[in-house]
Every structure is written in structure tokens, then in C-alpha cells.
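Below is one structure, written out as C-alpha cells, with a few remarks after it.
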Amino acid sequence: MAAPSHAGFFTRLGRLIKEKAKSDVEKLFSGFSKTRENLSVVDELLTYWNLADTDRVLDELEEALLVSDFGPKISFRIVDTLREEIRDGKLKSGAEIKATLKRCILELLTSKGGNSELNLGFRKPSVIMIVGVNGGGKTTSLGKLAHRFKNEGVKVLMAAGDTFRAAARDQLEVWAERTGSEIVIDNDKKAQPPAVLSQAVKRGKREGFDVVLCDTSGRLHTNYGLMEELVSCKKVIAKALPGAPNEILLVLDGTTGLNMLQQAREFNDVVGVTGFILTKLDGTARGGCVVSVVDELGIPVKFIGVGEGMEDLQPFDAEAFVEAIFP
């Protein structure tokens, strides 16, 4: 007998979580205060802009974008667009230049990044695999994601697939308790991560859970043995539930700025990343890395971390992001 479709349930859930982002704009705004401070020079430059000053102003604008980790390629491309439109007489004031700057960034995020809503599939349970290096906020992001789901009345099962670090398992147990989620752990402390994840997905299916959140061992993208283990994790999940995992979310530490790009490329090559969670963006002035990673890889940012609180993992909204860094 064919499995029942829950497409409507998951489509509504993905949309609902995304819509909540629009009501949390203030949180986003405060989370990007350091990046906004870096870019405040843009307003200073454009307030008194005049045609004779164009080259100097655009050079300084380019510098501001580079300092905020938009990366050379994007910074040069945006400034070239502005220069061309000024030369063609399309932009006649500082306000028009700023509006075009914001439009360029928004277009890049929406055209390259695609849909930032969670893709939860069409049958229960939806399986989300969380991957990344140690220290990037992977387990914490999983816990905060569970909190968002539980707030929408979703039945969540966590899988403690980071079996190499006892602290990660303990941390996830605390998150399960805090969010009222169930959890599958390696009881004999000898199981390999794929075995734990397989067990969790099978239980999720058997007991009617809506979502299974799978933690994985943190690894450096240069450790090929451990990276290969991620492939095994993905395979056992697919074997336990054809079509799963529905999402493979890579957690990246925003404070590393453009250094995250190589990490993102390696993980994507090995496991096929479907979306990014960028953490610790409240602690850095390098928020332009959000745009860089989308431009480089064409993979959407799904969530951003803008604080320590339970609610501070925000669904990513490109328009709100642009408004937060260029008010």
C-alpha cells in the first residue's frame, strides 16, 4: 500500500516558519548591528554625492563592501553596475544609488539562492540532516530548529548521530528536554553514527513522528575519512526511508567570513548540501559573507543565527536581510 501523502501539511509548515521571519524583523535588525555599522559609511558617502565625486565615492563604497566580506567578485560587480548606471544618467542622486545597491544584492540572493523555505517533502517523517565542523554551532542550531518546529505543534524526534563526542550527545539530550522532543541515542556508546541515524528514522516512521532531526559528527572538511562517513549516514537514511533526507543543512560559522567558502564547497561536493544555516552573525561585522556563499554555490541560506536565545535562529528572508544591513 502506498504511503499517505502529507504534502499539504509540510508545505504549510515550511511557509509558516518562513512567514514568522517577517514578524521578527527587529531581531534580525539588532543581529546585524556590527555589519550595519561597517556599512554606515555608505550613507555618509551618498548623502552629499555629486557627479564630479563619482569615482572617489564608488572606490570607497567598494572598500566598505570588501571590509564586510561581500568578496571581490560581488563588490566589483555591484560597483561596476552602479558606475554604468550613473554614466548612463539613470542614477541622479545618492538615494537612487543606494536603492540600486540594495536591489543588486537582493536580486543576487533571490536569483542565485532560490527558495529559502524548508523543503520537507510530502510524507512523514520529514528527515533533516545537520552537518558541519565542530564549534560552528551545529548541535545548538539543531536544538533551536526543534524549538521552532515544536512551537508549530510538530512531533519531533532527534537523533544523536555525533557519537564521537560524548558532550554532543549530552548537549542534544538537554535540548530534547528543553523543547519537549524525543531523542534516539547510542545507549551502549559503541554504535557508529549511521546505525544511530538508521534507528532514529525507522522509529520516526514507526511511531508517526512529523520530523526527524539528525545530528552528525562534527568534522573538518579536510578529513576525508570522516567526510566519507557522512555519505554512509546519507545512504542509511535513504535506505530506511526512500526519498530521505529531505534537507541536508550545512552549519557555517559567520565569524569566519569568506573562509567558510572552501568548507561549503567541500561539504557540498561530498554530501550534496541543500541549504545553509549561518550562525554567530550577531558577533561579526562580516555579514556580507551571506551574499558571497549564495553567489559562489547557488545554494540558499535557510536560517541565520543572530543571538544566543532560543528564538534567535531566524528563517532567512532576503528582503529583511538587505533592509537590516542597509536601513
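The table below gives the values:
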{"read-out": "The stretch 89-163: trypsin sites (Lys or Arg not before Pro) in DSSP coil with no more than 15 other Cβ atoms inside 10 Å", "value": "K90, K92"}
{"read-out": "Interatomic Cα distance distribution for the stretch 163-311, bins of 5 angstrom, percent", "value": "2, 8, 17, 19, 21, 17, 12, 4, 1, 0"}
{"read-out": "Within the chain, longest stretch clear of exposed GluC sites (Glu not before Pro) (DSSP loop, no more than 11 other Cβ within 10 Å)", "value": "1-206"}
{"read-out": "The stretch 102-232, dipole about Cα centre (Lys/Arg Cβ +1, Asp/Glu Cβ -1), debye to the nearest 20", "value": "300 debye"}
{"read-out": "Long-range HN-HN contacts of I183 with modeled amide H, under 5 Å", "value": "M158"}
{"read-out": "Helical contribution to [θ] at 222 nm, DSSP H n ≥ 4, -39,500 (n - 2.57), averaged over the chain, rounded to 500", "value": "-17500 deg cm²/dmol"}
{"read-out": "Whole-angstrom gap from the stretch 74-122 to the stretch 196-215, using each part's C-alpha centre", "value": "41 Å"}
{"read-out": "Column: log10 I(q)/I(0), Debye, Cα scatterers of the stretch 193-242, q = 0.22, 0.25, 0.33 Å⁻¹", "value": "-0.76, -0.90, -1.27"}
{"read-out": "Those chymotrypsin sites (Phe, Trp or Tyr not before Pro) in the stretch 32-119 that DSSP places in a loop and that have at most 12 other beta carbons within 10 Å", "value": "Y48"}
{"read-out": "Selection of trypsin sites (Lys or Arg not before Pro), the stretch 183-253, meeting DSSP coil and at most 11 other Cβ within 10 Å", "value": "K189, K190"}
{"read-out": "Rounded, prolate or oblate (a/c below 1.5 giving rounded, otherwise prolate when a/b exceeds b/c) for the stretch 107-168 by Cα gyration tensor", "value": "oblate"}
{"read-out": "More than 17 Å apart - percent of Cα-Cα pairs taken over the stretch 142-212", "value": "39 percent"}
{"read-out": "Shape of the stretch 116-250, Cα gyration tensor, a/c cut at 1.5", "value": "rounded"}
{"read-out": "Dimensions (Å) - the stretch 245-289, Cα atoms, principal axes, largest first", "value": "33, 19, 12"}
{"read-out": "The stretch 33-88: C-alpha gyration tensor shape, a/c 1.5 cut-off, then a/b vs b/c", "value": "oblate"}
{"read-out": "Mean shadow area of the chain, taken as a quarter of the surface of its Cα convex hull (nm²)", "value": "16.7 nm²"}
{"read-out": "Reachable lysines, given that their alpha-carbon falls under 17 Å from the alpha-carbon of K34 and they are not under 8 places away in the same chain", "value": "K280"}
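Bear in mind these aren't lab numbers, they're just calculated from the coordinates by the rules spelled out. Keep in mind that this is a model prediction, so the values were computed, not measured. Here the Cβ is made from the backbone with ideal geometry for all residues, glycine too, and neighbour counts use every protein chain on show.
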